[in-house]
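Working notes, beginning with the structure itself.
The values are calculated or read from the model by the stated rules, or taken from the named source; none is laboratory data. Remember, predicted model here, so these are calculated numbers, not experimental data. For neighbour counting, all protein chains shown are included, and Cβ atoms are generated from backbone atoms with ideal geometry for every residue, glycine included. To get the accessible areas, we keep the full protein, side chains included, count just its heavy atoms, and leave off ligands, DNA and RNA. Shrake-Rupley method; radii C 1.70, N 1.55, O 1.52, S 1.80 Å.
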Amino acid sequence: KNSKRKDWKETLYERKFSKDIKNMYLSKLFIPLLKENPSEAKIKSHQLMLRTGMIKQSSTGIYSWLPLGFKIMKKIEQIVREEQNKIGAQELLMPTIQSADIWKESGRYDDYGEEMLRIKDRQGKEMLYGPTNEELITEIFRASVKSYKSLPQLLYHIQWKFRDELRPRFGVMRCKEFFMKDAYSFDVSDQEARRSYNKMFFAYLNTFKRLGLTAIPMAADTGPIGGDLSHEFIILADTGESKIYSDKRIFEIDINKHNSEDNSIKDLRKKYDDFYAVTDDKFKKEDFEKKVKKENQLVTKGIEVGHIFYFGDKYSKPLNCTVDTKEGKKVDVKMGSYGIGVSRLVAAIIEAKFDDNIMRWPESVSPFDVAIIPSLQKKDKSNYLKAEKIYNFLIKNKIDVLFDDTDEHLSAKFKKFDLIGIPYQIILGSKSTDDKIEFKEINGKTDSLSLEEIKNKLLNKRNLN
Ligand code: P5A
């Protein structure tokens, strides 16, 4: 009786499993590719995101994320999350809709102006769609934390924000509704707070590195967030909206030489701060020319992918968020806030990596680890079966694989995959035999490998990320 029961369970499991894994057959996926570059898109990332069916505009500056784009964004989000957790930040989730009351308390309700989307509920109560969360997190914090003993604290969430941008443009790069990781630090003194700031600074460098980006922290204005210490994390791109002035040697700083010890991070920050690197609004011609030799001057454009702020008691004071110190005094909590544009990063990575019309996802965020591209033109049954076998084998080894089971011509398939940008391809055409399979790096070299070798290569690559 027992063995019968097991059979029944196993069969059910296998059925469920095989149903799931067929999901990654291209003919079954919802990836609405466009044949032409959409005319409304001015920059490459926006064109490619629309062409490959990653996003669809729903109204000005507001986008739906379709399966391919969503999958990539989720991978980016997960890396951001892991690096936050590594420095001891704790994840929570605040709502998108906030009450106007706390914004009136902080004094920002009027200051924020037309960028804030204001709404009323049925009782006529003033609400808003959160553009950022300094007030709300302060309110949460002040309700429970009363003593220096509970500090420091680092809290973050990854949540949609809304800013009614005057000129939304470049797709998800500057839009109205976007996905942001925002973290907030709470400390008892200015000195401790700067330590939290440095920790976050370190986490940001590591995050962007894992995303395959070189992001440089640059001194920046603080705008509506406030405070006097702030860095924008900028990646170089011609289409970027930030004009930057820097000493180009800042790009050579090696973050791998540093670890998460307070002093090591402090040294690292000093290395960055010692080189001149500023955004437009902090630029002073005399300083630049005095501090940076002609041959090291770099004036170019970049994309802001993150921004960190230290503003001390700007919110804790008006919102009356105090703690008792060791000496029994009451002090306003010292706070900072730290943002990463998770949805903007999807576009920023494309801008930084594309090559001709070829997208190049870094392995860490690629929507799939590998694509199987068989020639199936003449309804080639043997190639189809071979591809399916490879597919099942890779899936069982937890490799995320996309199987192009359509019967398009191979050259059409290649064009499509160049567009999508999966880093590796298994090609079943004239060059593949039963035990040697054509394995190609996108826009790179081709190998002839056994299935076992392919599996090991893909798993090794993943472990490196
Ligand atoms: C820091 C976290 C803040 O809002 N408060 C909480 C602070 N900073 S910020 O610089 O204004 O935004 C943080 C990051 O969000 C991205 N971003 C955007 N992405 C797409 N469209 C927009 N309109 C937009 N505005 C901001 C950027 O990556 C920015 O660095």
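Quick notes on this structure:
- 10 Å binning of all Cα-Cα separations within the range 308-465, expressed as whole percents from 0 upward: 9, 30, 23, 10, 8, 10, 7, 2, 0
- Accessible carbon and sulfur surface of the range 265-395 relative to its total accessible area, %, 1.4 Å: 48 percent
- Report summary: the helix-based calculation at 222 nm, which adds -39500 (n - 2.57) for every DSSP H run with n ≥ 4 and divides by the residues of the chain, gives -11000 deg cm²/dmol.
- A Förster radius of 25 Å combined with the Cβ-Cβ distance from GLU192 to LYS284 puts the calculated FRET efficiency at roughly 0.20.
- Within the chain, DSSP assigns beta bridges of which about 85% are antiparallel (rounded to the nearest 5).
- With a threshold of 20 Å on the Cα-Cα distance, the entries LYS413/LYS440; LYS56/LYS176; LYS104/LYS125; LYS75/LYS461; LYS270/LYS291 are all at or under it.
- Net charge of Cβ neighbours under 14 Å - reference ARG344; Lys, Arg +1; Asp, Glu -1: -2
- Each other residue within a Cβ distance under 12 Å of LYS334 adds +1 if Lys or Arg and -1 if Asp or Glu, for a net charge of -1.
- J(HN,Hα) series, the range 372-378, from Karplus relation 6.51 cos²θ - 1.76 cosθ + 1.60, nearest Hz, glycine and proline x: 9, 10, x, 7, 10, 4, 8
- Using a probe of 1.4 Å, the accessible surface attributed to LYS161 totals some 0 Å² when neighbouring protein chains are kept in position.
- Cα-based shape type of the chain, given that a ≥ b ≥ c are square roots of the gyration tensor eigenvalues and the cut on a/c is 1.5: prolate
- Pairs beyond 30 Å (Cα-Cα), from LYS86/LYS445; LYS42/LYS71; LYS86/LYS329; LYS293/LYS334; LYS42/LYS181: LYS86/LYS445; LYS86/LYS329; LYS293/LYS334
- Using a probe of 1.4 Å, the accessible surface attributed to VAL278 totals some 10 Å² when neighbouring protein chains are kept in position.
- Summed side-chain charge close to ALA220 - residues other than ALA220 whose Cβ falls under 12 Å, Lys, Arg +1, Asp, Glu -1: -4
- For LYS271, a cut-off of 15 angstrom between C-alpha atoms picks up these aspartates and glutamates, skipping any fewer than 8 places away in its own chain: ASP247, GLU252, ASP254, ASP262.
- Here the range 105-194 has 46 percent of its accessible surface on carbon and sulfur atoms, given a 1.4 Å probe and all protein chains in place.
- Computed over protein heavy atoms with a 1.4 Å probe, the accessible surface of the chain works out to 50 Å² per residue.
- Sequence-distant residues sharing a close amide H with LEU229 (under 5 Å, placed H): TYR310
- Within straight-line cross-link reach of LYS436, aspartates and glutamates at Cα separation under 18 Å, skipping those fewer than 8 residues along the same chain: GLU388, ASP447, GLU452, GLU453
- Global geometry of the range 251-347, whether rounded, prolate or oblate, following the gyration tensor of its Cα atoms and the 1.5 cut on a/c: prolate
- Of LEU419, LEU93, the order by accessible heavy-atom surface (1.4 Å probe, DNA, RNA and ligands excluded), from most exposed downward, is LEU93, LEU419.
- Of the cross-linked pairs LYS257/LYS326; LYS74/LYS416; LYS199/LYS314, those separated by over 25 Å at the C-alpha level are LYS257/LYS326.
- Near CYS321, the amide H atoms lying under 5 Å from its own belong to VAL333; only residues 5 or more places off or on other chains count, and H is placed 1.01 Å from N.
- Phi to ³J(HN,Hα) by Karplus 6.51 cos²θ - 1.76 cosθ + 1.60 over the range 54-67, Hz, x for Gly, Pro: 7, 9, 9, 5, 9, 7, 3, x, 10, 10, 8, 9, 7, x
- Shape box of the range 400-465 [Cα atoms, principal axes, largest first, Å]: 33, 27, 21
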